[in-house]
Every structure is written in C-alpha cells, then in structure tokens.
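Novice: Okay, here's the structure, questions in a sec.
No value in this document is a laboratory result; all are computed from the given coordinates. Worth saying up front: this structure is predicted, and the values here are computed from it rather than measured. Note that each Cβ is placed from the backbone with ideal geometry, even for glycine, and that neighbours are counted across all protein chains shown.
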Amino acid sequence: MSQSRDTPLTHHKDAPIFLVGFMGAGKTTVGRALAEYLEYDFFDLDELIEARAGKSVQAIFVELGEAEFRRLEHEAIRACSERSRAVIALGGGAYVSEENRTLMRTIGRTVWLDCPLDICLRRIGGDTSRPLLGDEDEMRELLEERRASYAQANYVVHTGELSPEQLVIEIARLLNS
C-alpha cells in the first residue's frame with residue numbers, strides 16, 4: 001500500500017511535509033486533513049505563488065509563460081524553508097524539477113500520493129483553471145513523464161479509492177516510522 005525511502009538528512013519532527021503527485025491526486029484535500037490531524041498549518045503552493053505574483057496560476061501561464069511560473073514556483077518552495085509544522089500541497093509539476101526535489105528533500109519530507117489516472121481525471125474533469133489539463137491521452141502521457149520524478153519522494157502512498165481520513169492515518173504512520 002505504501003513505502004518509504006530514507007531521507008538524505010535527518011529532519012526534525014516539525015520539518016515541513018510536502019505532498020506531491022499528479023493533478024487530481026488529492027494533495028489539497030488530503031493536505032488540509034493531514035495538517036488538521038497533525039495540528040500543523042496547511043499551505044497550497046499555488047495559492048502562495050498567486051499571492052506573491054498578484055495573479056492566478058492560469059494568468060501567470062497565459063501572460064508570463066510556463067518558464068516564469070516555474071521560477072516563481074521555485075522561489076515559493078525556497079520560502080517554505082522558513083516554515084515548520086506545515087503541510088504543503090504542491091502543484092502537479094513542482095516535483096519534476098531536480099532542483100526543486102533536492103530543495104524539498106533538504107527542507108523537509110516528501111510524500112507522493114500515487115493516484116490512478118482514471119480517479120484523477122474523474123476529479124478534475126472540466127476544471128478550466130488548470131493550465132496543463134488536456135484530453136485523456138495527453139494526461140496519460142504527462143503522468144508517465146512525471147512518474148519517475150514523483151517516485152523519488154521520501155514516502156509513497158498508493159491512494160486508490162481510500163478516503164482522505166484513511167490516507168491521513170497511513171501518512172502519519174509512515175512519517176512516524
């Protein structure tokens with residue numbers, strides 16, 4: 001169901017927890033529930049980027065391009081080094097960058113919510129705010145491109161049809177093991 005990998009550094013128990021995974025995997029929903037369970041703060045990285053940029057993720061993509069969004073995303077991840085007792089839900093592409101992965105593993109711990117594509121698509125279908133949302137074949141290809149990056153997370157939780165509450169218990173168990 002889940003697995004863990006040793007972290008390169010031993011993090012203090014209050015280090016941030018980053019939730020990674022494909023769009024629709026449940027990072028925000030599970031992140032809010034996990035933060036409540038652990039009595040941590042919750043942050044959505046895309047919301048942090050929007051607040052810093054003064055515009056929506058979609059507007060950043062349209063007006064400034066994906067490269068500028070990724071630069072802003074990296075800055076927002078770097079700023080998370082100042083946080084403790086925080087659960088941070090990442091955008092689906094944030095963990096693809098080796099630079100971001102290294103930074104996050106230095107700051108805290110990473111958990112991949114490995115969710116089947118059909119469940120992700122069911123959750124996000126028709127969400128026009130997602131700049132990289134395409135048809136099913138495009139989404140399958142994008143997930144396959146990202147899978148090797150996601151698999152480098154410290155912990156992997158196979159979500160299947162588990163409820164957010166069940167996932168919170170499983171993640172907490174992994175983090176404490």
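Novice: Expected output is a single nm value to one decimal: the length gained when fully extending between residue 81 and residue 106, i.e. 0.36 nm times separation in residues minus the C-alpha distance. What is it? Numbers along the way, then the final one.
Specialist: On the way: separation 25, 0.36 × 25 = 9.00 nm, distance 0.87 nm.
Length difference between fully extended and current span is 8.1 nm.
Novice: If you add up the charges near residue 68, with Lys and Arg at +1 and Asp and Glu at -1, over every other residue whose beta carbon is less than 15 angstrom from its beta carbon, what do you get? Write down the numbers at each step before the final one.
Specialist: On the way: positive: 52, 55, 70, 71; negative: 46, 50, 63, 66, 73, 75.
Summing Lys/Arg as +1 and Asp/Glu as -1 gives -2.
Novice: Roughly what would the spin-label model give for residue 136 and residue 47, points 7 Å off Cα along C-beta, in nm?
Specialist: Result: 3.3 nm between the two label points.
Novice: Suppose every Lys and Arg Cβ carries +1 and every Asp and Glu Cβ carries -1, with no other charges. What dipole size does region 2-176 come out with about its Cα centre, to the nearest 20 debye? Working shown, then result.
Specialist: Numbers: 21 positive and 30 negative charges, 126 e Å.
Dipole size: approximately 600 debye.
Novice: Moving on. Want the number for residue 71 to residue 144: 0.36 nm per residue separation, take away the alpha-carbon distance, what's left?
Specialist: Taking residue 71 through residue 144 to full extension adds about 24.0 nm, to one decimal.
Novice: Rounded to the nearest 500, what is the 222 nm mean residue ellipticity of the chain from helices alone, with -39500 (n - 2.57) per DSSP H run of 4+ residues and division by all residues?
Specialist: Numbers: 8 runs with 89 residues, N = 177.
One gets -15500 deg cm²/dmol as the mean residue ellipticity at 222 nm.
Novice: In which sequence would 88, 124, 77 go, from the one with the fewest C-beta neighbours within 10 Å to the one with the most?
Specialist: Numbers: 88 28, 124 17, 77 25.
With the fewest neighbours first, 88, 124, 77 line up as 124, 77, 88.
Novice: For region 32-131, what is the convex hull (Cα atoms) projected area averaged across all directions, in square nanometres? Mind dumping the intermediate values first?
Specialist: Working: hull surface 27.5 nm².
Seen from a random direction, the Cα hull of region 32-131 projects 6.9 nm² on average.
Novice: Still on this structure, I have one more. Only bridges whose two residues both fall in the chain count here: according to DSSP, what percent of them are antiparallel, nearest 5? Intermediate values should be presented prior to the final figure.
Specialist: Details: 3 of 18 bridges.
Just about 15 percent of them are antiparallel.
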